[in-house]
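Since every read-out is calculated from the coordinates, none of them should be taken as a lab result. All values reported here derive from a predicted model rather than from experimental measurement. As a convention, Cβ positions derive from the backbone with ideal geometry for all residues, glycine included, and neighbour counts pool all protein chains shown.
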Amino acid sequence: MLEDQQWQPVPGTSGAEIYPFLRKPDVTCSNAYVIRMPDEILLIDTGADADQMNRILALIEESLQEGPRGVLLFLTHCHVDHCYQAIRDRRFRSLPMLTVAAEEEGARVLEAGDAVLTIADLMGREIEPLPVNLHLFAADRETLEMDGGTLLYRQRIPLQSGDHLFVYHTPGHSPDSICIQLGEYLFIGDFLFSANPGVAGLSGWDQPALLESVRRVRWILAHEPVTLCCPGHGRSIPAAAMPPLLDRLEADAKRMADIGVFNRERLADSLEHAVDLLLEANRTFAVIGGRLYALAYRLEDLGETEEAQRYLTLLEADRIDEFLADFAQFADEFRAGTKIDVQLVLKAVQVIQRIEAHFAGDRLNHVVDASLLRRTDRLLTDFMKTILGYRETPHLSPEDLPAVLSSLIDDLSNPPFSDEAFIEAADDPEAYRAELVSRLAYLPLFEDVDISVEAEGTLPLAMIDRERFSDEVAGVLEDMVASGTQKIRLTLRRSGDAVGLLIRGSGPLPARRLRFYRRKLGLSGAVLAVPEDGAGLHLLLRPAPT
């Protein structure tokens with residue numbers, strides 16, 4: 001394993017030493033690797049951090065004082081988190097005998113100062129053209145054919161020290177992505193992160209090419225004396241540990257055939273969704289956690305101490321609270337201007353993945369009502385679909401809205417258990433305990449609330465996703481009751497060419513909640529409008545074709 005910011009030998013070379021700058025995975029700046037050889041200095045990526053570049057230049061200057069030698073910069077690809085300082089730092093660009101090498105397509109992007117393909121536009125970076133002296137694979141390349149007909153382009157770069165390095169073309173993350181082999185080390189850029197949410201779909205991302213490049217990297221590891229892989233972000237990885245990582249990358253990439261392009265529009269949508277996610281996740285998990293704590297208290301009061309403890313551990317609420325608190329702190333830093341849009345979005349992805357690992361709704365289905373659990377699950381999955389650019393098409397069917405809403409009100413107003421089931425479970429300790437828990441966990445939220453459904457005139461069937469529509473309307477009603485509303489009217493009427501549903505409580509709903517409702521209800525087939533007086537919600541639904 002490589003030690004951060006220390007000179008150490010590169011095995012398999014004639015005395016080369018490497019000084020790595022290893023960073024925690026961070027989308028704004030990559031690792032950088034300075035390699036000192038008797039007759040030249042190699043640099044693999046510069047990153048985008050100015051302090052890191054200052055230290056890189058100090059190392060280069062120190063080596064140049066020992067005698068003149070060329071400096072060769074190899075860019076694993078043209079994204080600005082890997083090369084921004086090479087573009088912007090005039091001291092670096094004025095080094096004597098500097099050669100900048102990049103794959104030919106990436107070289108053209110850098111020489112044009114393309115803000116889209118370098119993802120400078122997403123990072124909020126201003127760039128300018130960077131001259132590239134060596135266009136890799138432009139002419140001098142070797143073509144290797146692997147099983148299945150996949151081609152691997154390789155270029156051998158002789159070094160003045162007598163060593164050489166191999167450059168391999170491994171597109172997918174970007175068209176110009178390369179891997180670089182020096183001795184027993186393989187520098188792999190962002191290859192392993194290529195299918196991560198928020199990374200997959202960047203301009204130039206190519207799923208078929210990525211899947212072929214997985215095979216290419218497997219071939220390199222099988223046929224070359226590589227013992228260590230050095231990524232563009234994070235710590236080095238022993239070659240022996242790579243196969244399962246490649247398996248996971250391949251599986252993730254295969255699921256992304258329909259991914260959308262991660263551009264400014266999707267970033268803006270993801271950012272808005274991430275902010276809403278933080279608020280809704282805090283609210284939702286507080287509700288679920290509160291119910292579990294109340295249940296545990298009642299079980300404890302009945303002497304069921306072991307059972308009470310079991311329910312307290314079902315949600316892993318402390319860990320989820322920790323993840324959400326971390327997200328909230330990160331959001332505060334974003335609002336203070338120390339984090340950029342894409343960082344907040346990727347932080348939300350990280351938090352969602354951590355929550356999913358600790359939240360198993362199926363373990364709570366006899367404690368928390370099914371509608372809330374489904375909404376919680378969608379809270380997580382809908383955000384990931386936004387990140388990946390999946391345009392979900394609602395599964396709509398013609399439904400009788402008065403009947404749908406009446407059924408919903410019945411479900412909300414009546415407990416999900418019966419005295420008959422309780423009596424029948426008396427002879428079965430496990431079933432009896434489950435029935436007891438259902439009763440203790442039940443929260444009669446709508447017990448004293450006056451809810452009515454009124455239909456004005458004859459209405460056509462409406463096109464909705466029934467389960468999702470019912471769940472999201474239930475969420476709106478719960479919010480109204482939680483704010484103190486004791487009387488709710490659901491009025492159905494024709495509204496132009498649509499079927500209208502007016503939901504009125506005792507006052508206006510918060511603007512941020514309206515934005516969240518608009519997204520959620522839209523996936524159930526409803527278009528959200530706000531009544532002129534701002535009170536309640538007005539939903540418009542497409543009538544079923546006749």
Convex hull of Cα atoms in the stretch 8-254, direction-averaged projection (nm²): 12.1
In whole Å, what are the Cα extents of the chain along the three principal axes, biggest one first? 88, 59, 49
In nm, give the distance between the simple-model label positions of Arg93 and Val287, each being 7 Å from the Cα along the Cα-to-Cβ direction. 5.5
Extension gain from Glu333 to His135, taking 0.36 nm per residue of separation minus the Cα-Cα distance: 67.3 nm
In this structure, the FRET efficiency calculated for Arg391 and Ile423 from their beta-carbon separation, with R0 = 41 Å, to the nearest 0.05, is 0.20
For the ranges 34-40, 102-108, what's the packing order if you count other beta-carbon atoms within 10 Å of each residue, average per peptide, and put the highest first? 102-108, 34-40
Rounded to the nearest 500 deg cm²/dmol, what is the calculated helix-only ellipticity per residue at 222 nm for the chain, with -39500 (n - 2.57) per DSSP H run of length n ≥ 4? -14000 deg cm²/dmol
State the Cα centre-to-centre distance between the stretch 458-508 and the stretch 327-352 in whole Å. 34
Given the convex hull over the Cα atoms of the stretch 50-132, what projected area results after averaging over all orientations, in nm²? 5.2
Dmax and Rg, reported as Rg then Dmax, of the stretch 363-417 (C-alpha, Å): 14.9, 41
Row for the stretch 264-388, column shape: gyration tensor on C-alpha, a ≥ b ≥ c, rounded if a/c < 1.5 i.e. under 1.5, prolate if a/b over b/c, else oblate; value prolate
Sequence ranges 330-337, 408-415, ranked by mean other-Cβ count within 10 angstrom, highest first: 408-415, 330-337
Ranked highest first by average number of other Cβ atoms within 10 Å, how do 339-346, 387-394 line up? 339-346, 387-394
Quick one: how many lysine pairs does the chain have with C-alpha atoms less than 20 Å apart and a gap of 8 or more or different chains? Give me the count, please. 6
For a quick check of your reading of the filter: which GluC sites (Glu not before Pro) in the stretch 184-268 sit in a DSSP loop and have no more than 16 other Cβ atoms within 10 Å? Glu184
Value of relative contact order over the chain, rounded to a whole percent, pairs C-alpha under 8 Å and six or more apart: 9
Fully extended contour minus Cα-Cα distance, from Asp247 to Asp321, at 0.36 nm per residue: 23.4 nm
Can you give the direction-averaged projected area of the convex hull of the alpha-carbon atoms in the stretch 107-167, in nm²? 6.6
Pop the C-beta distance of Arg108 and Ala370 into the FRET formula with R0 = 51 Å and round what comes out to the nearest 0.05. 0.40
